[in-house]
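Here is the structure we will look at.
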Amino acid sequence: MAQELTSAGKPFSHLHSAHCESGVTAALFRDKGINISEAMAFGIGSGIFFGHLPFIKWVGLPITTYRSRPGTLFSKVAKRLGGEFITKKYHRFWWSGDITKQGMDDLRRLLREGNIVGLTTNIYWLSYFPDRFRFQFNGHNIIVLREIENGFRVADPVLDHPVDCLAEDLERARFARGPLEPKGYMYYAKSVRPDPDFRSACITAMKDSCNMMLRTPFPYVGLRGIRYLAKVTIKSPDILEAHEARRRLANIVRMQEEVGTGGAGFRFMYAAFLQETADLFGSSELADLSREMTAIGDIWREFAVVSARIIKQRGQTEETFAKAGGLMLICAGREEQLFRDLDKVARNLKS
Amino acid sequence: MVSDIRARIEEAREAVLAGKKSPLYYHMARRQMTPAILARAAGIASFRVKRHLRPEIFSRLKTSVLDRYANALAVTREELKTLPNS
């Protein structure tokens with residue numbers, strides 16, 4: 001935990017967090033004096049999700065995601081806990097002029113007014129990251145604390161300490177082009193409800209998560225998405241070349257383990273959220289579900305380990321695509337049971 | 001995964017040195033972009049970007065087009081026309 005001053009002169013305690021968006025959201029709330037953990041923000045924002053989108057290609061590979069679409073988490077938390085939040089996006093029309101300049105001017109103005117501002121950025125252009133984290137991904141969230149000489153003081157939830165970021169880098173990162181453009185998206189809390197209703201927010205959030213995972217009409221997301229991806233993985237060595245199949249699998253694991261800690265990490269975080277709600281409601285059922293979620297997270301980890309062996313071509317005989325897909329199916333089965341139980345529990349909770 | 005990216009950049013460099021691709025191809029690879037992303041960033045149609053990856057066509061580009069690429073890739077115009085050593 002590192003202490004830092006914001007533009008308003010208030011102390012800001014920077015916490016290292018596992019996922020950028022929930023970390024930023026929690027930090028914005030903490031700045032306004034509401035004590036909320038990252039896991040809580042993740043849970044209330046219904047951050048848990050699964051999706052495999054074969055038709056959206058990202059560097060030639062299908063997108064696999066283990067959390068909700070960037071941007072939704074924050075708005076859901078804001079809606080459920082209440083408060084006045086301002087978000088702004090800059091659209092490029094022929095009459096809009098230089099949006100890059102407008103975006104940076106607005107940011108400076110807000111900082112001068114004493115806000116801390118959350119931004120969505122492209123991770124490649126943030127040069128304070130080591131090279132191995134830098135790739136074209138337009139969904140990284142950071143907080144700007146204050147302006148410094150030719151740059152900004154930035155609290156990146158993924159890093160241990162606040163860092164300096166050049167204004168030029170930030171400008172590029174905010175207005176990067178490509179799939180899911182951030183369009184200079186920025187958000188800040190004008191005021192928040194002093195006594196947010198955590199109980200009803202949690203119930204709404206849990207029901208929402210269950211809905212997204214269980215009852216989706218769309219075969220690529222939720223549990224149907226996991227099963228679909230498992231099927232694709234099992235079949236992949238037969239329909240693709242060996243190298244290409246490994247590349248696809250590597251991408252799945254990469255999305256799971258590296259990009260904002262991914263699948264297993266999110267499962268563990270949701271388990272932490274369930275644990276916190278269990279304390280909040282004094283419900284032993286939720287505590288059981290939390291343990292089950294941790295166990296599921298462990299299977300996801302195991303899947304990652306098996307896949308890593310396949311990718312590196314170690315243990316050809318016992319580690320096969322079928323085994324990796326099988327592990328994923330186990331996850332799907334257990335998660336389905338878990339979300340069905342959670343749905344029942346959440347319906348019976350009183351706010 | 002990191003080695004994969006490095007390998008792709010190295011591959012791009014060799015393709016440029018062999019005269020199969022234009023230097024633009026290397027710079028695009030170095031920024032981990034695809035023609036589609038570069039097209040959006042530079043504000044040039046993606047079919048034109050793909051065309052500009054051919055060395056004989058790239059060498060005939062006028063400076064205004066080169067500047068758009070240089071701006072999008074955060075390099076100078078001179079750098080864009082050459083391969084960096086290393």
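The values are calculated or read from the model by the stated rules, or taken from the named source; none is laboratory data. Since this is a predicted model, take the numbers as computed values, not measurements. Glycine also receives a Cβ, built like all others from the backbone with ideal geometry; neighbour counts cover every protein chain displayed. For accessibility, only protein heavy atoms count, side chains too; no ligands or nucleic acids. Shrake-Rupley method; radii C 1.70, N 1.55, O 1.52, S 1.80 Å.
Values for this structure:
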{"quantity": "Top-ranked residue of region B:1-17 - restricted to ones that are open to solvent by less than 70 Å² (accessible area, probe 1.4 Å) and either at positive phi or among the hydrophobic types (A, V, I, L, M, F, W, C) (or both), ranked as farthest from the other protein chains (Cβ to nearest Cβ)", "calculated": "B:16"}
{"quantity": "Region A:40-57 residues that are outside the structural domain of residue A:211 (by TED's automatic domain parsing), paired with ones that are charged (D, E, K, R) and open to solvent by less than 10 Å² (accessible area, probe 1.4 Å) (beta carbon under 8 Å, 6 or more apart)", "calculated": "A:45/A:21; A:47/A:21; A:48/A:267"}
{"quantity": "Residue satisfying all of: in region A:46-105; assigned to a helix (DSSP H, G or I) and within 14 Å of chain B (Cβ to nearest Cβ); least open to solvent (accessible area, probe 1.4 Å) among these", "calculated": "A:99"}
{"quantity": "Looking only at region A:194-221, and only at residues there that are among the hydroxyl-bearing types (Ser, Thr, Tyr) and not in a loop (DSSP other than H, G, I, E, B), the one that is least open to solvent (accessible area, probe 1.4 Å)", "calculated": "A:209"}
{"quantity": "Residue check for residue A:338: of a type outside the set (Ser, Thr, Tyr) and under 24 Å from residue A:43 (Cα atoms)", "calculated": "yes"}
{"quantity": "Residue pairs meeting the criteria (Cβ under 9 Å; at least 6 apart or on separate chains; first in the same structural domain as residue A:209 (by TED's automatic domain parsing), in region A:265-294; second buried (at least 20 other Cβ atoms within 10 Å of the Cβ) and of a type in the set (Lys, Arg))", "calculated": "A:266/A:67; A:293/A:267; A:294/A:267"}
{"quantity": "Scope region B:30-45; condition at pLDDT below 90 and loosely packed, with under 15 Cβ neighbours inside 10 Å; matching residues", "calculated": "B:43"}
{"quantity": "Candidates A:41, A:27 - the one that is small (Gly, Ala, Ser), touching a His at 6+ places or on another chain (Cβ under 8 Å) and closer than 23 Å to residue A:190 by Cα", "calculated": "A:27"}
{"quantity": "Which numbered condition residue A:243 misses (of (1) open to solvent by 10 Å² or more (accessible area, probe 1.4 Å); (2) modelled with pLDDT of 80 or more; (3) not in a strand (DSSP E or B); (4) not hydroxyl-bearing (Ser, Thr, Tyr))", "calculated": "(2)"}
{"quantity": "Residue match in region A:110-123 (condition: open to solvent by less than 20 Å² (accessible area, probe 1.4 Å), in a helix (DSSP H, G or I) and modelled with pLDDT under 85)", "calculated": "yes"}
{"quantity": "Subset tally (residues that are closer than 13 Å to residue A:25 by Cα and touching a residue at least 60 places away in the same chain (Cβ under 8 Å)) for region A:58-76", "calculated": "4"}
{"quantity": "Pairs with Cβ under 9 Å, 6+ apart, first in region A:160-171 and under 16 Å from residue B:71 (Cβ atoms), second loosely packed, with under 14 Cβ neighbours inside 10 Å and modelled with pLDDT of 85 or more", "calculated": "A:171/A:101"}
{"quantity": "Region A:172-190 - residue that is in contact (Cβ under 8 Å) with a residue 60 or more places away in the chain and open to solvent by 50 Å² or more (accessible area, probe 1.4 Å) and, of those, farthest from the chain's Cα centre (by Cα)", "calculated": "A:190"}
{"quantity": "Scope region B:32-50; condition within 9 Å of chain A (Cβ to nearest Cβ) and on the phi < 0 side of the Ramachandran plot; matching residues", "calculated": "B:33, B:34, B:36, B:37, B:38, B:39, B:40, B:41, B:42"}
{"quantity": "Failed condition for residue A:304, given (1) modelled with pLDDT under 85; (2) open to solvent by less than 20 Å² (accessible area, probe 1.4 Å); (3) more than 21 Å from the chain's Cα centre (by Cα)", "calculated": "(3)"}
{"quantity": "Qualifying residues in region B:51-83 (those that are part of a helix (DSSP H, G or I), within 14 Å of another protein chain (Cβ to nearest Cβ) and in contact (Cβ under 8 Å) with a residue 12 or more places away in the chain) - the one most open to solvent (accessible area, probe 1.4 Å)", "calculated": "B:68"}
{"quantity": "Unique residue being over 22 Å from residue A:11 (Cα atoms) and buried (at least 19 other Cβ atoms within 10 Å of the Cβ) when the list is A:126, A:166, A:145", "calculated": "A:126"}
{"quantity": "Given (1) modelled with pLDDT under 80; (2) closer than 17 Å to residue A:234 by Cβ; (3) not β-branched (Val, Ile, Thr), number of the condition residue A:326 does not satisfy", "calculated": "(1)"}
